[in-house]
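**Q** My questions will all concern the structure given below.
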Amino acid sequence: MQNATLREESFYGTPSGRVCVSLLGERLRWFWPELANQSVLGLGSGGAMPYLHTLGDSTTLRIGACLGSGRVDMALQHGQTCVVDPAGLPFEEQKFDRIVLVHALHGRENPLTLLRSAARVLKDDGRLLMVVPSRLGGRARLRRTPFARDAAFTRSKLRQVLAGAMLRAEQWDEAVFLPASQACRTLRRGRRMDIAGKVLCPGGGSLILVEAVPDIYSALSLPVQLKKGWFARMRLPAAGMAGASRSGKTP
C-alpha cells in the first residue's frame, strides 16, 4: 500500500493532479458546503489526503486514515494522519460527522468490509461520500491517474453495496467526462467539459460521486413468503369454515 501512496503523491504533485483535486474539490463542497466545527474522516490508500484540505475550514477536524500498512509521509494541513486496518477502524462508534472515501477500493477487494467499518464510526445523522470510477469506461479514461486502479461501479451496484453496509444512497454527481489527460489540463477547461458533459451526456462521467446516510432498514429484504401468507389469510377462509357455513354451524 505504500507504493500506491507514493504513486498518488507523484500524480497529485503534477499540474494535472492539482487540477484534478480542484475539480473534485468543487464537487465535494457542493455536497458539503459548510463543515465548521465538524469532524471529517478521509479513507483511502493515501487517506484521501489530497482532497481533505478542500473541505471545511480551520475549525474542522480532519483525520486522514491510510488503509493497510506502511508509512504515511504526506502532511495534512489542520489535521492528522494514521494507518488503519480496513476491517477494524480504530475509532469509537459514531465519532465522525462526515466520511469521504477516495482511492479506498482496489481490485477484487470486498467493499462491504470497509463500508461496514465506516458505517460503525459514522454518526446517526452523518453522511458518507464515495468517489469511484464508472464501470462504463471510466477507468480507461482515467489512465495515468490513481483512479485507474480503483474498483469501478455502476450506480445500481453502488446502491446494492451501500445497502449491504446499512447505508442509503441519497445524492449523486459525476465528473471528468473526457479522458483525464484532456479534462485536467486546466481548471477552466475541466469545468467547461463537465458542464457540457452533464447536459449532453448525463451518466457518462468517468467518476461517480455518491452521498449516503445511515439506514438500518436498507439491508432488510421484504419477507415475500410471509406477505403471501398474510394475503392468503385475509382472502381465504380457514380450513373447515366453508363446510361449517354450508351446514349452518358456527365455527
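**Q** So what is the relative contact order for the range 80-162, in percent, with contacts set as C-alpha pairs under 8 Å and at least six apart?
**A** Numbers: 103 pairs, mean separation 26.9, N = 83.
RCO, the range 80-162: 32 percent.
**Q** Leaving out ligands and nucleic acids, and using a 1.4 Å probe, what accessible area per residue does the range 32-173 come to in Å²?
**A** So the range 32-173 comes to 45 Å² accessible per residue, rounded to a whole number.
**Q** Using the basic label-point model (7 angstrom from Cα toward the beta carbon), what is the ARG185 to ARG143 distance in nanometres?
**A** Modelled inter-label distance: 1.8 nm.
**Q** Report the full-extension gain for the segment TRP30 to ILE216: residue separation times 0.36 nm, less the Cα-Cα distance, to one decimal in nm.
**A** 64.3 nm
**Q** Related question: Heavy atoms of the protein only, probe of 1.4 Å, neighbouring chains included. What is the accessible area of GLU109 in Å², nearest 10?
**A** Rounded to the nearest 10, the figure is 90 Å².
**Q** For the ranges 137-148, 153-164, what's the packing order if you count other beta-carbon atoms within 10 Å of each residue, average per peptide, and put the highest first?
**A** Highest to lowest by the protection proxy: 137-148, 153-164.
**Q** At a 1.4 Å probe radius, carbon and sulfur cover how many percent of the accessible area of the range 111-167?
**A** For the range 111-167, the apolar C and S fraction of the accessible surface comes to 49 percent.
**Q** Related question: Can you compute the label reach from LEU112? Point 7 Å from Cα along the Cβ direction, backbone N cut-off under 11 Å, restricted to the range 157-176.
**A** 161-166
**Q** Pull up the cross-link candidates among the aspartates and glutamates for LYS95, meaning alpha carbon to alpha carbon under 12 Å and not fewer than 8 places away within one chain.
**A** ASP124, ASP125
**Q** Please arrange ASP150, ASP97, ASP125 by accessible surface area, largest first, computed with a 1.4 Å probe and ligands excluded.
**A** ASP125, ASP97, ASP150
**Q** Can you list the aspartates and glutamates whose alpha carbon is less than 14 Å from that of LYS198, not counting same-chain residues fewer than 8 positions off?
**A** Within the straight-line cut-off, LYS198 pairs with ASP173, GLU174.
The values are calculated or read from the model by the stated rules, or taken from the named source; none is laboratory data. All values reported here derive from a predicted model rather than from experimental measurement. Neighbour counts are summed over all protein chains in view; Cβ atoms, including those assigned to glycine, are modelled from backbone coordinates with ideal geometry. Heads up: the accessible areas ignore ligands, DNA and RNA and are worked out on the full protein's heavy atoms, side chains in. Shrake-Rupley method; radii C 1.70, N 1.55, O 1.52, S 1.80 Å.
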